[in-house]
Amino acid sequence: MAYIRKDVSTLTGAERRRFVNALLAIKKRGEYDEFVRMHIDHYVSDGDGGLRSAHMAPSFLPWHRRFLLDLEAALRRVDPAVTVPYWDWTRDRATTAAPWTKDLLGGNGRRSDHQVTTGPFAYATGNWTIKENVTDGEFLTRDLGRAGDPIDLPARSDVETALRDPVYDVSPWDSTVDRGFRNRLEGWGSGSGSAAWRNHNRVHRWVGGVMLGGASVNDPVFWLHHAFVDLLWTRWQSRHREHRYLPAEPPGPGSRQYRRVVARHEKLPPWNVTPDQLEDASRIYRYA
Amino acid sequence: MAVSVEGVPVSAVPAATARSAPARRTRRRDLLRGLLGASAALAIAPVVAASRPPGPADAGPAGSSFDETYRGRHIRGALTSSGPAAATGGEWKVTVDGRPLHLMRRADGTWLSMVDHYRSYATPLEAVRAAVDGLGPGERLREDGPAHHHTHMGGHHGLHP
Ligand SMILES: [Cu+2]
Ligand SMILES: [Cu+2]
């Protein structure tokens with residue numbers, strides 16, 4: 001029986017509390033920090049060589065789908081009723097509404113040092129000390145909307161542009177492609193204008209603080225954001241039923257992308273699972 | 001609990017991650033040594049960026065090194081001939097207030113840092129300034145470096161022109 005992932009703005013008080021408590025429980029036993037570590041370790045940039053499984057690659061979507069499933073399974077071992085809610089940033093755009101409330105993720109960082117001081121993940125609670133970080137910072141930081149140099153959350157039309165593209169991804173399967181659903185959603189652009197950073201990437205930048213960097217998983221909003229990105233993948237799939245994950249076959253030895261991307265039936269590191277096996281998760285969970 | 005994707009059991013725990021943690025830490029230390037070695041390299045001869053692939057990244061003001069104070073932070077960077085990327089044009093070694101900052105390169109030739117990971121910049125200097133912008137007041141990079149070692153994760157090294 002598939003379980004349901006809900007819109008975070010619709011969670012009841014009890015659902016919020018149980019989600020938060022499950023996160024705090026896995027943080028306490030060190031499990032959460034392994035997720036942070038794993039995400040840092042799998043960030044390979046496309047100008048640097050090596051296999052890219054998590055970012056700047058077709059498997060951006062299945063990689064994060066599986067990553068979410070692992071986190072969700074960890075939470076459900078603590079409390080079997082918990083699922084990861086999604087944050088629809090095309091609708092919930094206020095810095096004071098869900099998910100930024102005291103009973104959920106807490107609010108914006110304070111002005112002086114961007115430290116989050118409200119809610120269950122505030123440093124002063126003693127429950128959310130950051131261990132795996134790019135900086136020596138031990139407290140959760142946010143700078144919602146980037147006060148010093150403001151940016152907006154992606155518009156609904158940005159998401160619509162991505163969803164309209166019938167092709168999953170195109171060669172050379174990296175951050176430079178300007179077509180294909182995957183990068184339109186992942187959001188790598190060119191040029192230096194702020195419009196160059198779209199959708200998924202833009203939301204990381206809008207939240208700011210730890211969400212800006214390699215240790216973004218330290219902010220629990222990471223999961224709510226990626227649940228929505230994952231939901232958008234299911235929306236794209238139902239709009240373009242005849243279209244599948246690409247590439248179907250691995251790029252050959254003559255290609256610059258040889259051994260650098262994961263094709264449909266190849267193993268997706270670090271798991272023993274292929275994008276093909278992750279394309280349809282509807283028997284595990286559904287979105288409400 | 002074990003969930004199942006298309007009949008394939010999907011183990012719920014990132015067990016491999018947990019198991020390999022000590023090895024990873026060791027590799028991190030290796031990287032640290034590399035970076036400390038790099039600060040020595042900063043003082044020696046940075047190689048000229050002749051073999052870098054063409055692209056927007058080549059608009060760097062100083063070419064192959066910089067050393068300046070930006071928003072109260074001492075930022076230094078140099079293109080060195082050491083490191084795994086040496087054969088393909090060298091590797092940038094960068095510090096902010098003496099602590100190493102790992103730069104990554106995008107296929108279009110632009111640069112991003114571990115601090116500011118979801119957009120890129122035309123030059124290493126711009127990427128480092130942006131990282132400073134992304135640091136909170138009083139926040140410093142880790143002494144033991146950015147703890148990023150994708151170059152150990154397999155695959156060949158080399159810039160993608
Ligand atoms: Cu990610
Ligand atoms: Cu992300």
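The values are calculated or read from the model by the stated rules, or taken from the named source; none is laboratory data. Given the structure is predicted, the values throughout are model-derived calculations rather than measurements. Counting neighbours? That spans all protein chains shown, and the Cβs are built from the backbone with ideal geometry, glycine included. Side chains included, ligands, DNA and RNA excluded: accessible areas come from the protein's heavy atoms. Shrake-Rupley method; radii C 1.70, N 1.55, O 1.52, S 1.80 Å.
General remarks:
- Sulfur and carbon atoms: percent of accessible area, chain A [1.4 Å]: 49
- Here the stretch A:91-250 is treated as a Stokes sphere of Kirkwood radius computed over C-alpha pairs; at 10 °C and 1.306 mPa s its diffusion coefficient rounds to 94 µm²/s.
- Over 31 Å between alpha carbons, listed pairs A:Lys28/B:Lys93; A:Lys102/A:Lys267; A:Lys102/A:Lys131; A:Lys27/B:Lys93: A:Lys28/B:Lys93; A:Lys102/A:Lys267; A:Lys27/B:Lys93
- Helix A:13-28 vs. chain A, principal-axis angle (Cα, 0 to 90°, nearest 10): 80
- The calculated 222 nm mean residue ellipticity attributable to helices in chain A amounts to -10000 deg cm²/dmol, summing -39500 (n - 2.57) over DSSP H runs of n ≥ 4 and dividing by all residues.
- Within the shell of other residues whose beta carbon sits under 13 angstrom from the beta carbon of A:Asp136, the net charge comes to -3, with Lys and Arg scored +1 and Asp and Glu -1.
- Whole-Hz couplings from phi, Karplus 6.51/-1.76/1.60, listed for the stretch B:99-105; x for Gly and Pro: 9, x, 10, 7, 9, 10, 10
- Neighbours of A:Ala155 by Cβ distance under 15 Å: Lys/Arg scored +1, Asp/Glu scored -1, total +3.
- Counted charge near A:Arg91, where neighbours are those whose Cβ lies closer than 10 Å (Asp, Glu -1; Lys, Arg +1): -1
- Of A:Ala124, A:Ala215, A:Ala162, the residue with the greatest mean-square motion in the GNM of chain A, using alpha carbon springs below 10 Å, is A:Ala124.
- Under the shape rule built on the C-alpha gyration tensor, where the axes satisfy a ≥ b ≥ c, chain A is prolate, since a/c reaches at least 1.5 and a/b is greater than b/c.
- Both chains summed, the buried accessible area for B and A stands near 4900 Å², from protein heavy atoms and a 1.4 Å probe.
- With all protein chains kept in place, the per residue accessible area of the stretch A:72-199 amounts to 41 square angstrom at a probe of 1.4 angstrom.
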